[in-house]
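Single-structure report; data block below.
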Amino acid sequence: MDIWRWVHDLQRELNESGRPRLAELTRRIPGHVVNHEHAQLDAIVPEALALAREAKSPWLELFIRHWNLQSRILHRHEATAYLPEAVRLLELASRDEARDCPQSVCVIQDLAGCYAELDGPGYAPDRIAVARETLARIDAKWPCFTCISSEYAYGLIDDGRAAAAVAFLDAQAEALVGAGRGAATRHLATARTEALFRLDRLDEALAVALRARETETDVNDQLTHALDAARLLARLGRCEEALLALPPFDRILPTPSLYERWTQAMHALALALAAPGDWKLEARFFELETKLADSGVVRVAIGIAHRRAELAIARDRLGTAEHAAASIRALVPRLRRPLGADDDLARLDTAIAAAREAVKDARHPPGSAELALAQLTSDPETDLEILAAGRARFPDEERLAIIAASARRALSRHAEAEAGLRAHLTAFPGAHGVLMTLGQSLLDQKRSPEARALAEASLAAEPKGEIAVGAHFLLATAYQQEDEREKARPHLEAMLALEPGNLRLELLLASLDREAGRLEESLARLDRLVEREPRAGNHDWDRMVTATLLGRWDAVRASAIRIGMNVQGEGPIEEAWGLCRIELREPDGEVGVHHALRTGPVTARILEVARPRAPQHYGDEIVFEAAPRNPAPGAGEENHTYLYPAITTRKPGEYESYLLDGVHPGAERLEALRADLKARGCVLAVQSDATYVVTEAATDAARPGLLAYLAAPAGCSRRELHDLLARHGGADESPLVWPGLAQALELTGELERQAAIIERFGL
């Protein structure tokens, strides 16, 4: 059964039946999975599923959902979240309308993989039985023969029968050779490596991994084999080679299926002192452990916690070892069957207790918070023990609580850092620093509802002073993050009442007034600030923006002079101040950047002609935000232009554009065309350069080409424009075409003439 032939035939049928987008998505989905492009996959799966259901194709739906599960389960280990989907997909694969789909067998692997991640050894008998039953339905000619065989072998390995797994894989490899699919035996290499690893036949396992790494083209398998090679080399004491084989951490982090092998390799290297076994490695281990535990991949997470503990004991960081033991203690009850995990934990507790007994800590509880702070180091593991002693003696000292949270975050213990801050705030509601640290952390994580809840709880206690200001600040910031800026207003006003004269708050309120369309109120507030503040500043820039929107050029000029700009005269400022770029957001949300001429303090005119059918802004007069998006030019940086976000279009240019393409008429004729267009208010924006050539099909002669956008103002006669182009570009020896304009005029004969030119020169 050739699954991929079915897929290729299906893609051809989809294209022929007018569903090219669905054909394209079915082509892209498997590639995204095997190349670890999970974000790209997530972006297209919903669309692909909707189109498959619209096409009423259960087979295609099965195909899409299976590959999504391959990514979610086999690579990203989202076992708990996607177990229900794996069960649902198996049910679909069992229905009459989907049972004969070649991909239906592969669904078994999705479900088996899910159980393997939840607790591989705990579910081993069940996995073996399911894989055995599936293998009875297929033979070595099926592409999924290697997948199901690997699942069966992994079941044997997790059941403690690694030798049986090697024998089984040998038999399956022979079956593949007998079926004429000897090359497919490489897909069994990962399971064979693992079985040999468990049998401590490390040299054999390394040979398999290295051979597989050299022959594999699949990105996921390449990384897996590289990690296998690294962990085996490290175990064999060949640490320099292991470090060379080890992929960088940023290649590992997005794909949890690689976590166990990477931590095994780093654990061996750190114990051999070939890699730093410090707090930074601890932070990475705990980050990976947490991700797996949160996804329900419990036994692998326990294994990483044991490696954390062993490394911590080796470097005398017993607090970290106890932390790892506590993690294991919480995870063991989540296993389907302990299978010795509880005994391993008991042995770890004994080892930690013995290490504690052997270490006589000479550190005494600090006599003051300042002394505790003075003892801090650059090692967060050490600092946590110092801080714990200090906080036991000075529980109300919020500086110790804040620094303890920072140390925990450095060790990737983010949930514990947050819990510690919340506990301190519960015990000491007046801890302003803790409130702000916790609230800002929530906002940084885009958890604005929780930040609001935190602030509202503080305000419910009717606090005074800085606690009240801080709570209102968090609420105002959270509402702004949620784009509910008007709801931020009462909190800004409450802060201003508590801190009269706060310039930053005044500017925020003026900005809210401006965004709400209350321009007069905004300008009045800014006028008061300018009168109150003798020195120029952001209030002058904000004033120029609002005054420009109102057409109050007296106020614009007054603030421009305060800032130091040389503006003379009265009325609107329309000057040429140099080039800039303007960021414009279209009604559909798309953001574009356009070259422009700055014409005043906060105004610019767009100079860039957009392609036909794209949003056209040529000639638009823009009011922009005073603060640029990009920094000032660095030393030696040339051709720097500031990028400003647009606020509004003060006056639209009202141009439309057309495409001009064909044989270059020569510099002289091009300038004549440009001059005639300019006389009618039109602009010719040439897009091509000397590299653009067109080739006449009949003679195969290459000629210089011209590709340009022609922008015509509103009111310009399309017919006159067409006639002008016909005079300049209609010559047979160097013809040009303008099909968009001809189509707009519905000139059938002209369109036919231009179509012939397009075909003649392959335009």
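The values are calculated or read from the model by the stated rules, or taken from the named source; none is laboratory data. It should be emphasised that the depicted structure is a prediction, and the values quoted were computed from it without experimental measurement. Heads up, the Cβs are rebuilt from the backbone with ideal geometry, glycines too, and the neighbour counts pull from every protein chain shown.
Some points to look at:
- Matching residues, segment 287-298, being touching a residue at least 24 places away in the same chain (Cβ under 8 Å) and either assigned by TED's automatic domain parsing to the domain that holds Ser378 or surrounded by fewer than 22 Cβ atoms within 10 Å (Cβ to Cβ) (or both): Glu287, Thr290, Lys291, Ala293, Gly296
- Scanning segment 121-143 for residues that are in a loop (DSSP other than H, G, I, E, B) and farther than 25 Å from Gly296 by Cβ turns up Ala136, Arg137, Ile138, Asp139, Ala140, Lys141, Trp142, Pro143.
- Exactly one residue out of Ala372, Ala407, Ala423, Ala451 is assigned to a helix (DSSP H, G or I), among the hydrophobic types (A, V, I, L, M, F, W, C), more than 30 Å from Gly303 (Cα to Cα) and in contact with a Pro (Cβ under 7 Å, 6 or more places away or on another chain): that is Ala372.
- Qualifying residue in segment 569-577 (condition: surrounded by 19 or more Cβ atoms within 10 Å (Cβ to Cβ) and in a loop (DSSP other than H, G, I, E, B)): yes
- Listed conditions (1) surrounded by fewer than 15 Cβ atoms within 10 Å (Cβ to Cβ); (2) at pLDDT below 90; (3) out of contact with any Asp or Glu (no Cβ under 9 Å at 6 or more places or on another chain) are all met by Leu725, apart from (1).
- Looking only at segment 172-196, and only at residues there that are over 30 Å from Trp262 (Cα atoms) and of a type in the set (A, V, I, L, M), the one that is surrounded by the most Cβ atoms within 10 Å (Cβ to Cβ): Leu176
- Hits in segment 211-232 (condition: surrounded by fewer than 18 Cβ atoms within 10 Å (Cβ to Cβ) and touching a residue at least 12 places away in the same chain (Cβ under 8 Å)): Arg211, Thr215, Asp218, Val219
- Any hit, segment 456-473, residues being outside any helix (DSSP H, G or I), out of contact with any Asp or Glu (no Cβ under 9 Å at 6 or more places or on another chain), within 22 Å of Ser406 (Cβ to Cβ) and outside the structural domain of Ser406 (by TED's automatic domain parsing): no
- Cross-chain or 6+ apart pairs with Cβ under 7 Å, segment 659-678 first and basic (Lys, Arg), then surrounded by 14 or more Cβ atoms within 10 Å (Cβ to Cβ): Arg669/His728; Arg674/Leu684
- The residues in segment 477-490 that are among the hydrophobic types (A, V, I, L, M, F, W, C) and within 27 Å of the chain's Cα centre (by Cα) can be counted, and the count is 1.
Every residue, every condition in (1) small (Gly, Ala, Ser); (2) buried (at least 17 other Cβ atoms within 10 Å of the Cβ), yes or no:
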position	(1), (2)
Leu271	no, no
Asp278	no, no
Val300	no, yes
Ile304	no, yes
Arg307	no, yes
Gly319	yes, no
His323	no, yes
Leu331	no, yes
Leu339	no, yes
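- Tally of residues being modelled with pLDDT of 95 or more and in a loop (DSSP other than H, G, I, E, B) across segment 327-337: 1
- Listed here are the helices (runs of 4 or more DSSP H) enclosed by segment 79-120 that have at least 1 residues being among the small types (Gly, Ala, Ser) and closer than 29 Å to Glu289 by Cα: 79-93, 106-119.
- Test result for Ala755, modelled with pLDDT of 90 or more, surrounded by fewer than 16 Cβ atoms within 10 Å (Cβ to Cβ) and either out of contact with any Asp or Glu (no Cβ under 8 Å at 6 or more places or on another chain) or assigned by TED's automatic domain parsing to the domain that holds Pro615 (or both): no
- Out of Ala419, Ala401, sole residue that is under 22 Å from Thr290 (Cα atoms), out of contact with any strand residue (DSSP E or B) (no Cβ under 9 Å at 6 or more places or on another chain) and in the same structural domain as Pro380 (by TED's automatic domain parsing): Ala419
- Yes/no for Glu282 being surrounded by fewer than 19 Cβ atoms within 10 Å (Cβ to Cβ) and either assigned by TED's automatic domain parsing to the domain that holds Asp316 or in contact with a Gly (Cβ under 6 Å, 6 or more places away or on another chain) (or both): no
- Condition check for Glu174: free of Cβ contacts under 8 Å to residues at least 24 places away in the same chain and of a type outside the set (A, V, I, L, M, F, W, C): yes
- Filter result for Arg719 (of a type in the set (Lys, Arg), at pLDDT below 90 and not assigned by TED's automatic domain parsing to the domain that holds Pro615): no
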